[in-house]
1. Have a look at L257, L160 and point out the one that is surrounded by fewer than 17 Cβ atoms within 10 Å (Cβ to Cβ), of a type outside the set (D, E, K, R), assigned to a helix (DSSP H, G or I) and touching a residue at least 12 places away in the same chain (Cβ under 8 Å).
2. Mind counting the residues in segment 200-221 that are assigned to a loop (DSSP other than H, G, I, E, B), surrounded by fewer than 14 Cβ atoms within 10 Å (Cβ to Cβ) and modelled with pLDDT under 90?
3. Restricting segment 263-276 to residues that are free of Cβ contacts under 8 Å to residues at least 40 places away in the same chain and part of a helix (DSSP H, G or I), which is nearest to I165 (Cα to Cα)?
4. Of (1) open to solvent by less than 40 Å² (accessible area, probe 1.4 Å); (2) without any contact (Cβ under 8 Å) to a residue 24 or more places away in the chain; (3) among the hydrophobic types (A, V, I, L, M, F, W, C), V305 satisfies all except one. Which?
5. Can you tell me which residues in segment 274-291 are open to solvent by 40 Å² or more (accessible area, probe 1.4 Å) and over 18 Å from V252 (Cα atoms)?
6. Take the conditions assigned to a helix (DSSP H, G or I), more than 30 Å from R297 (Cβ to Cβ) and among the polar types (S, T, N, Q) and apply them to T123. Does it pass?
7. Of all residues being over 20 Å from the mean Cα position of the chain (by Cα) and of a type in the set (S, T, N, Q) in segment 83-98, which is surrounded by the fewest Cβ atoms within 10 Å (Cβ to Cβ)? Just the residue, please.
8. Going by the conditions given, is L235 open to solvent by 20 Å² or more (accessible area, probe 1.4 Å) and either touching a residue at least 24 places away in the same chain (Cβ under 8 Å) or outside any loop (DSSP other than H, G, I, E, B) (or both)?
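The values are calculated or read from the model by the stated rules, or taken from the named source; none is laboratory data. Note that the coordinates shown come from a computational prediction; the quantities given were computed from them, not determined experimentally. Here the Cβ positions follow ideal geometry from the backbone for every residue, glycine too, while neighbour counts run over all protein chains shown. Note: areas computed on protein heavy atoms with side chains; ligands, DNA, RNA excluded. Shrake-Rupley method; radii C 1.70, N 1.55, O 1.52, S 1.80 Å.
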Amino acid sequence: MTTARASAALAEPVERVGRGWTAALSLANGAIWVGWFGPLQILLASQAGDFAPGSGMSKETMLAWVTGAGAVVSLLANPFFGALSDRTTARWGRRTPWIVAGAAGGALSLLLLAGAGGLWTMTLGWCLVQLTLNAAFAAVTAAVPDRVPRLQRGSVGGWLGAAQILGVVGGTGLATAAGGVGAGYTACAVFTVVGVLPYVLRYEDLRLAPEDRSPWSWRGFLASFWLSPRRHPDLAWAWLTRFLINLSNSLVLLYLLYYLRDRLHYSDPDQGVLVLTAVNSLTLMATVVAGGAWSDRVGRRKPFVVWSGVLMAVATAALSGWQTWPGAVVASALLGIGFGVFTSVDFALMTDVLPKALDRGKDLGVINVANALPQVAAPVLAAPIVTYLGGYRVLYLVAAVIGLAGAVLVGRIRGVA
């Protein structure tokens, strides 16, 4: 491997990536989401139902403890492994070793979960799944600013977003169709490994030259995770807008079942959630790739993020003011349209405000905290609102205001059009 080739790891990419590269990376991304959402949607809940009797806690409480522990691991693991991949000088490149190790480790962790015998082994297995698959996910995400020129990132981000949605659906389908908890985990494990192979076997990664790597110290490594808003204001505003819009979306989804049952008095709330999820997914899929490609074509990001955020806020407000089943269906469709555009274009915007090529993986890992943290914050905020401060009408009005604030604050980003 030549030094010229190695130094390309830190260069701003100018050569457009082909459809094959995008498809292979999207498949790898979807495979990681299969490994996450087969357990999250089906398998962990089934195990909690099996292990809860005699444990002194309900299945809901057990599931909350397991997924909560995994969420904490996820928050820490993504930026940590992103930073490690930034420093990797292996002959196979900066990102590929972590995609391989993360997918293989995730598969083994899923198999460990398949043999779990109680709360502690289930918790350990799920934390290991989060640890390892976040290593792979951090590397997959960082491959985009490594290889994709700025005016193609919206389109590539759209395909990654589509793969994410299909991964959620595919993981749920595999877990359901496999015919048992053990078989479900095995199916997800196999797909997770197989799904990353086309990318890691066919496409050569960029190698970082040892002389380009910054000197190592624990103090410097840990300090690097703090990204000063004063020094990097565009990154700080972009992080905050993503956090607020994701928090708004998490507040909408958290109590959707209870909203249908207790507020709308819908006859079959379980089926209602399924219908709304399907409507949301269809409209999201319809816009996630198109929105990113359109953003690339016009060479602008902020207007797409602003107006998708505004549309989502309007849809959320509809859940507060138009509390009927048709209103919920319309709101779900609008939320899907808005979140589809936001998913692809905001990803491209984030890659455009990264401070240094040397820290792309770590910085994207810090940015990804804005995706995971709202899932932790939403229950803390929502529970007292629903219980003491006005119920679902106030909850969705608060969520709409939070989302609208996120959309408006995009205007504070100066370095991106």
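1. Values: L160 fails: surrounded by fewer than 17 Cβ atoms within 10 Å (Cβ to Cβ).
The conditions single out L257.
2. Our first condition is that a residue be assigned to a loop (DSSP other than H, G, I, E, B); within segment 200-221, this holds for 203-209, 213-217.
Subsequent filtering for residues that are surrounded by fewer than 14 Cβ atoms within 10 Å (Cβ to Cβ) retains 204, 214-217.
With modelled with pLDDT under 90 added as a condition, the list becomes 214-217.
Adding up the residues that qualify gives 4.
3. Residue satisfying both the conditions and the ranking: L274.
4. All conditions are met except number (2).
5. Start the filter on segment 274-291 by keeping residues that are open to solvent by 40 Å² or more (accessible area, probe 1.4 Å), which leaves 274-275, 277-278, 280, 282, 285-286, 290.
Selection gives M285, A286, A290.
6. Numbers: assigned to a helix (DSSP H, G or I): yes; more than 30 Å from R297 (Cβ to Cβ): yes; among the polar types (S, T, N, Q): yes.
Yes.
7. This residue is T89.
8. Values: open to solvent by 20 Å² or more (accessible area, probe 1.4 Å): no; either touching a residue at least 24 places away in the same chain (Cβ under 8 Å) or outside any loop (DSSP other than H, G, I, E, B) (or both): yes.
Judged against the criteria, L235 is not a match.
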